[in-house]
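To start, the structure itself, in structure tokens.
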Amino acid sequence: MADGLKPTPFDYSAPRSVPEALALLADEDRDPKVVAGGQSLIPMLSMRLARPGLLVDITRIPGLDALTVDADGALHIGAAVRQSAAAADPRLREGWPLLAAAIGHIGHPQIRARGTVCGSLVHHDPAAELPTAAVALDARFVIAGPAGERTVPAEEFFVATFQTAVEPDELLTEVVFPARGGWAFEELARRHGDFATVGVAVLLERSGAEVGSARVVCCGVGPAPVRLPAAETALTGTDAGPAALAAAREAALAHLDPSDDVHATAAYRREAAAHLLVRACTTAWERTR
């Protein structure tokens with residue numbers, strides 16, 4: 001095997017508690033990295049894009065593999081919960097179907113069987129589905145660190161490409177999703193299982209015959225999930241009819257500023273996102289019924 005296709009040497013540890021994991025992550029000399037599903041980290045190790053001296057396997061920490069719904073109706077997903085297990089859970093499918101739909105767009109079944117929800121979120125590929133769903137669902141991220149535990153809202157969690165609010169000596173222990181209403185997740189990709197060329201997540205709350213509140217978030221159009229407040233404003237207080245959808249579409253076109261790359265031009269991404277937005281809003285509004 002060529003040197004470029006296998007990792008550099010590293011140590012391995014499987015702590016049994018969060019404090020033990022944090023103690024290992026504090027070892028700056030070995031540049032430790034957290035591993036749970038390994039669907040992002042292991043390929044990076046093999047290509048030597050990451051060269052940690054220590055892998056900290058968190059899958060043996062009790063409680064991190066739990067998926068629960070609390071008394072307030074919020075969904076808690078621990079850091080070791082597999083994507084496939086989350087998507088198959090009837091509580092998630094019934095109460096957070098947008099999240100289930102987003103997970104269904106991730107790679108292939110083999111990837112979802114190993115990859116974790118929190119792993120995809122903290123890795124933060126800008127074309128990934130789960131960061132966009134997290135912003136749309138107004139998720140909260142619970143992070144443990146040397147100074148204790150802190151909670152970060154989704155719109156502050158995703159900083160830049162492959163960068164989040166989690167510091168090197170901290171550990172994302174769970175993500176929390178409040179309950180939500182009408183939803184839709186639309187995605188355009190070159191092939192099934194590929195990262196999205198562009199994607200749109202929409203949440204609409206009904207107030208009588210009108211949209212009481214709206215949340216519109218895109219992926220694949222910037223270094224982090226892009227929320228579209230102007231499109232949300234264009235939808236709120238309307239019946240989500242053709243005029244409101246046209247206004248939301250124009251707001252999206254005016255706000256989005258993607259870049260050209262080898263997969264698509266900026267103009268194509270902008271138009272595709274606007275088209276998916278209209279389709280997603282239509283579906284989400286129907287689902288509020």
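The values are calculated or read from the model by the stated rules, or taken from the named source; none is laboratory data. Quantities reported herein were computed from a predicted structural model and do not represent experimental measurements. Don't worry about glycine lacking a Cβ; one is built from the backbone with ideal geometry, like all the others, and counts go over all protein chains shown. Note: accessible area is taken over every heavy atom of the protein model, side chains too, but ligands, DNA and RNA are not part of it. Shrake-Rupley method; radii C 1.70, N 1.55, O 1.52, S 1.80 Å.
For the residues ARG227, ARG287, ARG269, the requirement of being open to solvent by 80 Å² or more (accessible area, probe 1.4 Å) and touching a residue at least 60 places away in the same chain (Cβ under 8 Å) singles out ARG287.
Looking at segment 105-115, can you tell me whether even one residue there is in a helix (DSSP H, G or I), more than 11 Å from the chain's Cα centre (by Cα), in contact (Cβ under 8 Å) with a residue 40 or more places away in the chain and surrounded by 15 or more Cβ atoms within 10 Å (Cβ to Cβ)? The answer is yes, given that some residue of segment 105-115 is in a helix (DSSP H, G or I), more than 11 Å from the chain's Cα centre (by Cα), in contact (Cβ under 8 Å) with a residue 40 or more places away in the chain and surrounded by 15 or more Cβ atoms within 10 Å (Cβ to Cβ). Within segment 85-99, the residues that satisfy the criterion of being surrounded by fewer than 21 Cβ atoms within 10 Å (Cβ to Cβ), within 27 Å of VAL18 (Cα to Cα) and touching a residue at least 24 places away in the same chain (Cβ under 8 Å) are ALA87, ARG91. The residue of segment 156-188 that is least open to solvent (accessible area, probe 1.4 Å), among those that are acidic (Asp, Glu), modelled with pLDDT of 95 or more and out of contact with any Leu (no Cβ under 6 Å at 6 or more places or on another chain), is GLU170. Summed over segment 236-259, residues that are buried (at least 17 other Cβ atoms within 10 Å of the Cβ) and in contact (Cβ under 8 Å) with a residue 24 or more places away in the chain total 11. The set of residues from segment 1-34 being at pLDDT below 95 and of a type in the set (A, V, I, L, M, F, W, C) comprises MET1, ALA2, LEU5, PHE10. Could you give me the residue pairs with C-beta distances under 7 Å whose first residue belongs to segment 46-60 and is free of Cβ contacts under 8 Å to residues at least 40 places away in the same chain, whose second residue is open to solvent by 50 Å² or more (accessible area, probe 1.4 Å) wherever it lies, and which are 6+ apart or on separate chains? Final answer for the pair search is ALA50/LYS33; ALA50/MET44. Annotation note: Cβ proximity below 6 Å between a residue of segment 161-173 that is among the polar types (S, T, N, Q) and a residue that is surrounded by fewer than 16 Cβ atoms within 10 Å (Cβ to Cβ) (sequence gap 6+ or interchain) occurs for THR161/PRO223.
With respect to the conditions (1) modelled with pLDDT of 95 or more; (2) out of contact with any strand residue (DSSP E or B) (no Cβ under 7 Å at 6 or more places or on another chain), ALA280 falls short on a single one, namely (2). The criterion of at least 1 residues that are aliphatic (A, V, I, L, M) and within 15 Å of LEU188 (Cβ to Cβ) is met, among helices (runs of 4 or more DSSP H) falling completely within segment 219-289, by 242-255, 266-287.
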